[in-house]
Amino acid sequence: MPHKPPTQEELERRKIVGIHGETITDVTSTDFPGHYPGEEHSWDIDAFRRGFSVEFHQNDPYEASFSLIGCDASIANAFRRIMIADIPTLAIETVFINNNTSVIQDEVLSHRLGLIPFKGGHEGLHNFLKWWRKPADESQINNSYYDFNTVSLRLEVKCEHNDAAAPNETDPTKLYKHAHVYARDIEFCPVGRQDRYFSGADAIAPVNSDILIAKLRPGQEISLSMHMHKGVGSDHAKFSPVATASYRLMPVIRIERPILGADAEKFARCFPRGVIALDKVTKEDAAQRGSGYEGHEGEVKAVVADPMRDTVSRECLRHPEFKDKVKLGRRRDHFIYLVESTGQWESDAIFLEAVAHLKKRAQDLEKQVVNMVR
Amino acid sequence: MSREQYQVPTTGSGNTGGGAFSAPAPRDYAGESGGVMYYMCGDCAVRVPLEKGAPIRCQKCGARVLYKERTKRMVQFEAR
């Protein structure tokens with residue numbers, strides 16, 4: 001019997017992960033050679049180009065949401081991991097504490113300082129600043145700091161009584177001066193050519209000025225200087241340019257048989273707002289034989305409006321009235337990313353950088369493989 | 001005080017009954033660091049200057065618990 005090529009419908013069906021009341025089915029992708037007898041599924045750049053698309057849903061400086069449609073989970077996951085762990089950012093790496101009489105310990109204070117996200121001029125951050133490497137000879141460490149690999153910061157705060165406070169004041173922030181130490185109290189000390197890249201609006205500063213670092217009481221003091229270096233998230237989470245970079249698969253809701261009237265309203269309540277819309281059954285619907293709409297003209301019916309907003313809670317599968325009327329699933333090749341930048345990169349630039357990074361890694365590997373077989 | 005001047009206190013050698021305790025020669029703190037040491041009051045956290053022989057007491061609130069000040073040396077930490 002000659003092999004019949006799969007229909008478009010069949011190809012669509014193969015892309016869906018089944019989501020049932022208690023189980024998940026068809027988790028793995030099947031578009032690889034040798035899975036379907038008589039079908040060629042080896043990877044092909046032209047086929048990939050035809051099927052691939054990118055769609056932006058939201059693109060704000062610090063938050064972006066977009067879809068990669070028609071790519072494999074391995075690639076999508078590689079991008080996600082690169083965004084989290086391999087895009088370099090600047091963060092506080094060493095803290096030199098001259099005095100700290102606050103209740104927060106030196107170690108804990110240093111750790112807190114390290115986690116504060118900073119922003120600055122993009123040209124300076126991404127092109128001017130280079131990596132700092134700890135010299136092999138420990139004694140040479142003071143000769144390893146240059147304007148192109150180290151950014152210097154200072155934090156000098158002293159808490160005192162506020163004589164202008166009302167006599168019955170109980171709020172420590174009014175009773176004392178500098179009772180709270182915030183990220184905005186950190187001072188940037190440009191050295192060398194750093195003035196050229198980080199001045200005015202481009203100065204190195206905390207992204208969120210209201211981060212509370214420590215609380216002080218009169219007589220307590222924090223006096224320290226800090227060095228910032230470039231690093232990657234695989235080394236420490238403070239270097240990660242994203243707060244979250246995650247993806248989820250596109251939900252699929254298929255209403256197999258009509259859901260009408262009060263059932264439709266209940267069905268809509270099983271999903272987040274906006275996923276299911278309520279329409280009127282039209283004359284054409286009712287005229288269609290075998291559609292289940294016959295004799296229901298003018299009644300309310302449930303239609304899928306925006307499956308992307310669904311959280312796939314499976315609530316609708318709990319109710320007996322929707323049994324066999326609805327099928328839930330997810331599209332295996334439709335990845336909805338959510339990238340939230342911590343402020344040093346534009347959120348869409350993080351993704352572009354991740355693509356460039358993966359490409360460079362692949363080219364490096366190619367070179368090594370060519371050398372290996374020679 | 002130099003090393004040669006220091007005497008090991010010998011309480012158990014001759015007089016085992018105790019009582020006779022020869023204190024080491026008093027150290028001359030005034031000559032070393034200007035005479036005044038600063039301490040932190042345990043109650044009101046004010047900076048208390050203390051001279052040699054002065055009663056250990058906060059001038060502001062009268063508390064008798066004083067703490068040594070933190071070292072003036074720089075301490076280096078990794079922000080991790």
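The values are calculated or read from the model by the stated rules, or taken from the named source; none is laboratory data. Worth saying up front: this structure is predicted, and the values here are computed from it rather than measured. Virtual Cβ from ideal backbone geometry, glycine too; neighbours counted across all protein chains shown. Ligands, DNA and RNA are excluded from the accessible area calculation, which covers all protein heavy atoms including side chains. Shrake-Rupley method; radii C 1.70, N 1.55, O 1.52, S 1.80 Å.
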For the protein assembly as shown, divide the Cα radius of gyration by the Kirkwood radius and give the resulting Rg/Rh value with two decimals. 1.19
Find how many whole Å separate the alpha carbon centroid of the stretch A:288-340 from the alpha carbon centroid of the stretch A:1-64. 21 Å
Could you state the accessible area per residue of the stretch A:1-102 in Å², with a 1.4 Å probe and every protein chain left in place? 61 Å²
Under 25 Å between alpha carbons, and skipping anything fewer than 8 positions from A:Lys266 in its own chain: which lysines qualify? A:Lys280, A:Lys283, A:Lys301, A:Lys323, A:Lys325, A:Lys327
Of A:Val157, A:Val281, A:Val232, the one that fluctuates the most in a GNM where chain A has Cα springs shorter than 10 Å: A:Val281
Estimated inter-spin distance, A:Asn127 and A:Ala277, nm [label 7 Å along Cα→Cβ]: 4.7 nm
From largest accessible area down, sort A:Met250, B:Met37; use a 1.4 Å probe on the protein chains. B:Met37, A:Met250
Using a Gaussian network model of chain A with C-alpha springs under 10 Å, which one of A:His180, A:His35, A:His122 is most mobile by mean-square fluctuation? A:His35
Solvent exposure ordering (accessible area, 1.4 Å, most first) of B:Cys61, B:Cys41, A:Cys189: B:Cys61, A:Cys189, B:Cys41
For the pair A:Leu212 and A:Thr173, how long in nm is the line joining their label points, each one 7 Å along Cα→Cβ? 0.9 nm
Expected field for A:Asp324, accessible surface area in Å² at 1.4 Å probe radius, rounded to 10, holds 100 Å²
Where the accessible area of the stretch A:89-239 is counted over protein heavy atoms with a 1.4 Å probe, how much of it, in %, is carbon and sulfur? 48 percent
Say R0 is 51 Å: what FRET efficiency, to the nearest 0.05, do A:Glu156 and A:Trp43 get from their beta-carbon distance? 0.30
Work out, step by step, the length gained on full extension between A:Lys367 and A:Phe56: first 0.36 nm times the residue separation, then minus their alpha carbon distance; give nm to one decimal. 108.6 nm
Buried accessible area between A and B, both sides, 1.4 Å probe, in Å² rounded to 100, is 1400 Å²
Compute the long axis of helix A:347-373 from its Cα atoms, compare it with the longest principal axis of the Cα atoms of chain A, and write down the angle in degrees, 0 to 90, nearest 10. 90 degrees
One finds, for A:Leu11 and A:Arg269 with R0 = 35 angstrom and r their Cβ-Cβ distance, a FRET efficiency to the nearest 0.05 of 0.55
